[in-house]
Amino acid sequence: MRHAKVGFLMTDEVVSVVGRTSSAVVGALLVAHDISGMPVMDDDDHVLGVVSRTDLTGRGESTAEELMSAPAVTVRAERTVTEAARLMTRRGVERLPVVDEEDRLVGIVTRRDLLRVFLRPDHEIRRCVIDDVLAETMGIDSEAVGVRVRDGVVTLDGRLARSSQIRLVVRLARELDGVVAVTGRLTARFDDVHLSPADRSTGGVPG
C-alpha cells in the first residue's frame, strides 16, 4: 500500500530566524509572510525550536531563542503523512520542521498541509480498502467483506476464514491515509488465535 510522504507535502522555502533575532523582527516576519510560526535555527541550520505568534504576546523586548518552544518537534521527509499527523496530535503542535539525516532544516509541514490528504473522499477510501487491503495485501475476495465509509469512518462486515485475519484487516485499514476510525463487525469460520504462527501458516484451518 502506498502512503503519502511528508516530503511531497512540505514547503521547502521556509521562513526562519536565528536565535539572536529580536522579537520585533520575528513579529514583523510573521505578519509579512502571513504565517503563525517559524523555526529558530543555529548557525549550522539545525532547528533549535519553534516560535509562534502566541509566544510574542506580552513578552516585551526579547530574542527568538528566549521566546521559542524547545526542543523542536521535527520529522523526516520520508515519514508518512499519517505518522506526522499522529506526532502533531501527540505533541500538541501545529507545524513540524522537516529535517534531513543530519538534522538540518529542509522544509516545514503544517496541520493544514496534512488535512489536504486526510480530506479524501469516502469513495476513494473505500476503493483503497477493497483493492489495497483486502485484495492485494490479504488476498481476500472482496465479496467476503462489505465495506462502507462515511466521513472517513470505515465499517467492515463479513465472515473471514480465520480469526487472526480480523485484527490484521482492521489494523491495515486504520493505517490508510484519510481513515478516521475503523469499526469491525467481522466474524471468522475458524478460531486460530490460540495456534502458533507455524501452525497457522501450515494450514491449521479445517477444510
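Of all residues in region 47-60, how many are surrounded by fewer than 16 Cβ atoms within 10 Å (Cβ to Cβ) and touching a residue at least 12 places away in the same chain (Cβ under 8 Å)? Break it down stepwise before answering.
Going residue by residue through region 47-60, those that are surrounded by fewer than 16 Cβ atoms within 10 Å (Cβ to Cβ) are 53-54, 57-60.
Okay, now just the ones that are also touching a residue at least 12 places away in the same chain (Cβ under 8 Å), so 53, 59-60.
Residues that pass the stated criteria total 3.
Starting from residues that are among the small types (G, A, S) and part of a helix (DSSP H, G or I), keep the ones in region 74-90 and report whichever is surrounded by the fewest Cβ atoms within 10 Å (Cβ to Cβ). Walk me through how you get there before you give the answer.
Taking region 74-90 and keeping what is among the small types (G, A, S), we get 77, 84-85.
If we keep only those that are part of a helix (DSSP H, G or I) as well, we get 84-85.
Values: A84: 24, A85: 20.
The selected residue is A85.
Against the definition (part of a helix (DSSP H, G or I) and more than 22 Å from the chain's Cα centre (by Cα)), how does G7 come out, yes or no? Reasoning before the result, please.
Working: part of a helix (DSSP H, G or I): yes; more than 22 Å from the chain's Cα centre (by Cα): no.
Spelling it out, it is not the case that G7 is part of a helix (DSSP H, G or I) and more than 22 Å from the chain's Cα centre (by Cα).
Which of the residues spanning region 108-139 are surrounded by 18 or more Cβ atoms within 10 Å (Cβ to Cβ) and modelled with pLDDT of 90 or more?
I108, V109, T110, I125, C128, V129, V133, L134
Out of region 91-116, which residues are over 25 Å from T54 (Cβ atoms) and either in a strand (DSSP E or B) or not assigned by TED's automatic domain parsing to the domain that holds A72 (or both)?
Across region 91-116, the qualifying residues are R104, V106.
Which residue out of D34, D12, D45 is in contact with a strand residue (DSSP E or B) (Cβ under 6 Å, 6 or more places away or on another chain) and on the phi > 0 side of the Ramachandran plot? Give the derivation first.
Details: D34 fails: in contact with a strand residue (DSSP E or B) (Cβ under 6 Å, 6 or more places away or on another chain); D12 fails: on the phi > 0 side of the Ramachandran plot.
Exactly one residue qualifies, and that residue is D45.
Give the residues of region 61-73 that are surrounded by fewer than 18 Cβ atoms within 10 Å (Cβ to Cβ) and either part of a loop (DSSP other than H, G, I, E, B) or hydrophobic (A, V, I, L, M, F, W, C) (or both), sorted by residue number.
Result: E61, S62, A70, P71.
Within region 157-200, restricting attention to residues that are among the polar types (S, T, N, Q), outside any loop (DSSP other than H, G, I, E, B) and closer than 19 Å to D141 by Cα, which residue is modelled with the lowest pLDDT?
As a first pass, look at region 157-200 and keep what is among the polar types (S, T, N, Q): 163-165, 183, 187, 196.
Pick out the ones that are also outside any loop (DSSP other than H, G, I, E, B) and you get 164-165, 183, 187.
Right, trim to closer than 19 Å to D141 by Cα and you get 164-165, 187.
Working: S164: 89, Q165: 92, T187: 92.
Taking the candidates together, the pick is S164.
Scan region 15-44 and report the pairs whose first residue is surrounded by fewer than 18 Cβ atoms within 10 Å (Cβ to Cβ) and whose second residue is part of a helix (DSSP H, G or I) and modelled with pLDDT under 95, with Cβ atoms within less than 6 Å and a gap of 6+ or a chain change.
Close Cβ pairs (under 6 Å, with a partner that is part of a helix (DSSP H, G or I) and modelled with pLDDT under 95) amount to G27/L56; S36/R53.
Consider only pairs whose beta carbons are under 7 Å apart and that are at least six residues apart or on different chains; among these, list those whose first residue lies in region 165-177 and is more than 17 Å from D191 (Cα to Cα) and whose second residue is of a type in the set (S, T, N, Q).
L172/T137; E175/T82; D177/T82
The values are calculated or read from the model by the stated rules, or taken from the named source; none is laboratory data. Note that the structure is a prediction, hence the values are computed from the model and not measured. Please note: Cβ atoms are built from the backbone with ideal geometry, for glycine as well, and neighbour counts cover all protein chains shown.
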